[in-house]
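I have placed the structure first, in the form of structure tokens, so that the comments after it can refer back to it.
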Amino acid sequence: MFKSLYQWTLSLAESRHAPWALGAVAFAESSFFPIPPDPLLAMMTIAKPKQAWVYASICTLASVAGGILGYAIGALLFETVGKWLINLYGYGARVEELRAVYAHWGWAFILFKGLTPIPYKIVTITSGLLAYSLPLFIFLSLVTRGTRFFIAAVVLNRFGDNIRGLLEKYFALLMIGFIVIVIAGFFLAAHFI
């Protein structure tokens with residue numbers, strides 16, 4: 001099963017539609033979708049290392065655009081969509097706690113969570129709900145998401161051949177590890193942060 005998933009992902013990464021798929025996943029992940037774009041970014045960069053900076057740029061810009069949608073959900077649709085998403089990720093009972101944290105440490109909250117596997121949509125929706133400065137939110141999102149995706153691009157561009165060999169050999173274990181990291185991110189978001 002994992003071998004066919006690896007082949008499918010690699011063929012998508014090499015297709016002419018890959019940049020659109022990457023942008024769509026990065027956009028959706030910042031506002032409502034649970035899966036981060038990192039695996040697709042990795043496969044695309046390994047397939048076409050010279051495009052690493054283009055792919056990191058697509059991820060960054062699409063992620064920030066999706067973050068603006070998440071911000072709008074928090075600001076304009078919290079009572080419907082926003083509340084449902086916040087409850088889904090375990091923050092429903094902690095809105096007042098988040099409000100206090102944002103009053104003093106909103107910038108650090110955005111920067112920290114943008115670099116971790118903790119779902120970024122929580123940051124985007126919460127920022128809108130709490131009326132955090134939209135220009136500052138966009139700037140911080142560009143910094144944190146850009147840092148995350150460009151670090152990945154640098155590593156993948158530099159060590160892509162070695163990583164491709166590891167992916168081919170241990171794809172199933174790496175996918176299981178990635179799934180565990182994503183689940184751990186949701187768990188941490190719901191219980192500790």
Sort through ILE73, ILE35, ILE58, ILE68 and tell me the only one that's β-branched (Val, Ile, Thr) and farther than 20 Å from LEU140 by Cβ.
ILE35
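Out of everything in the stretch 118-139 that is among the polar types (S, T, N, Q) and in a helix (DSSP H, G or I), what residue ends up being surrounded by the most Cβ atoms within 10 Å (Cβ to Cβ)?
Filtering the stretch 118-139 down to residues among the polar types (S, T, N, Q) leaves 124, 126-127, 133.
Filter once more, keeping what is in a helix (DSSP H, G or I): 124, 126-127.
Numbers: THR124: 31, THR126: 28, SER127: 28.
Step by step, filter the stretch 118-139, then rank; the result is THR124.
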Failed item, numbered, when LEU167 is tested on (1) modelled with pLDDT of 85 or more; (2) part of a helix (DSSP H, G or I); (3) among the aliphatic types (A, V, I, L, M):
(1)
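Yes or no, residue by residue, for (1) among the aromatic types (Phe, Trp, Tyr); (2) more than 24 Å from THR116 (Cα to Cα); (3) out of contact with any strand residue (DSSP E or B) (no Cβ under 8 Å at 6 or more places or on another chain); (4) at pLDDT 85 or above:
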{"site": "SER4", "(1), (2), (3), (4)": "no, yes, yes, no"}
{"site": "LEU12", "(1), (2), (3), (4)": "no, yes, yes, no"}
{"site": "PRO19", "(1), (2), (3), (4)": "no, no, yes, yes"}
{"site": "ALA24", "(1), (2), (3), (4)": "no, no, yes, yes"}
{"site": "PHE33", "(1), (2), (3), (4)": "yes, no, yes, no"}
{"site": "PRO36", "(1), (2), (3), (4)": "no, no, yes, no"}
{"site": "LEU41", "(1), (2), (3), (4)": "no, no, yes, yes"}
When the residues of the stretch 43-71 are filtered to those that are among the aromatic types (Phe, Trp, Tyr) and either in contact with a strand residue (DSSP E or B) (Cβ under 8 Å, 6 or more places away or on another chain) or open to solvent by 20 Å² or more (accessible area, probe 1.4 Å) (or both), which remaining residue is farthest from ILE151 (Cα to Cα)?
TYR71
Farther than 21 Å from GLU29 by Cβ, at pLDDT below 75 and surrounded by 12 or more Cβ atoms within 10 Å (Cβ to Cβ), is that true of ALA190?
no
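Run down LEU88, LEU142, LEU115 and say which single residue is open to solvent by 30 Å² or more (accessible area, probe 1.4 Å), without any contact (Cβ under 8 Å) to a residue 12 or more places away in the chain and under 18 Å from the mean Cα position of the chain (by Cα). Break it down into steps so the answer makes sense when it comes.
Details: LEU142 fails: without any contact (Cβ under 8 Å) to a residue 12 or more places away in the chain; LEU115 fails: without any contact (Cβ under 8 Å) to a residue 12 or more places away in the chain.
Going through LEU88, LEU142, LEU115 in turn, the sole match is LEU88.
The values are calculated or read from the model by the stated rules, or taken from the named source; none is laboratory data. The shown structure was predicted, so the numbers you read here are calculated from the model rather than taken from an experiment. A quick note on method: Cβ atoms are made from the backbone with ideal geometry, for glycine too, and the neighbour counts reach across all protein chains shown. The protein model used for the area step is the full one, side chains on, heavy atoms only, and it has no ligands, DNA or RNA in it. Shrake-Rupley method; radii C 1.70, N 1.55, O 1.52, S 1.80 Å.
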